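One structure is given below, encoded as structure tokens.
The values are calculated or read from the model by the stated rules, or taken from the named source; none is laboratory data. Because the structure is a prediction, the values reported are computed rather than measured. Accessible surface areas use protein heavy atoms only, side chains included; no ligands, DNA or RNA. Shrake-Rupley method; radii C 1.70, N 1.55, O 1.52, S 1.80 Å.
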Amino acid sequence: MAARTQQQYQVRFAWGVAGAGRIAHDTHLLVWVDVLPAPRDHDDALRRTVAALPDGPEVVLGHLGNASTVAERVTRLQAERGDRCVVAIVAAGADHAARSDAADAAGEAWDVPGSPDFAVEDLLAAGAVLDALAVVGIDHTSPEAAAACAAYTGLRRATKHLVSASEGARELDRADVQAALARGGELVTLRA
């Protein structure tokens, strides 16, 4: 059986640290998409996550408000390189560990600890980044990336509602969710 890879594509998409390990080889930029981070220990958790990501690519934080800024960063990298910039878009997903007791109590199955659960907010934000890349002409995307982009473009007008109504949002204070949705276009570099 062939290894799961998206190596032939300029723009790739996966979930979580393990997914980053699969798709980030030979990339120049890794976009870690995390829309609704838990406010309690967010900075420490983000540092641990970045440390666990594959060595090599620059790592930036992606969210709904900075998709165009990420696309601008990719075009600048391409200009600096004089060649294609290979990009890994990685959706953080939801952390199972925090939910395993609740899932057990509800009689629901949960996957392997450490693997991310689906988070609609991260899928839609990853799709927004992918759509912004396509707008600037960077569209040699994997099927996985194309599907994430289509999720966003198909639901673009409902994105804020879907995020605020998501499982992840219901676990946070409304003010934290509104702050996450209001984030601006700044580019946060997590690792240069």
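Ordering W15, W32 by accessible surface, largest first, gives W15, W32; the 1.4 Å probe counts only protein heavy atoms, with every chain in place.
The mean sequence separation of alpha-carbon pairs under 8 Å and at least six residues apart, normalised by the residue count of the chain, gives a relative contact order of 32 percent. Counting only protein heavy atoms and using a 1.4 Å probe, the accessible area of L64 comes to about 40 Å².
Accessible-area rank, largest first, for C85, C149: C149, C85, with all protein chains present and a 1.4 angstrom probe. Only protein heavy atoms count here; on that basis, with a 1.4 Å probe, D34 has an accessible area of about 30 Å². Full extension of the chain segment joining Q7 with R84 gains 26.4 nm, where the gain is 0.36 nm per residue of separation less the Cα-Cα distance. Shown are S164, S68, S142, whose ranking by accessible area with a 1.4 Å probe and every protein chain present, most to least, is S68, S164, S142.
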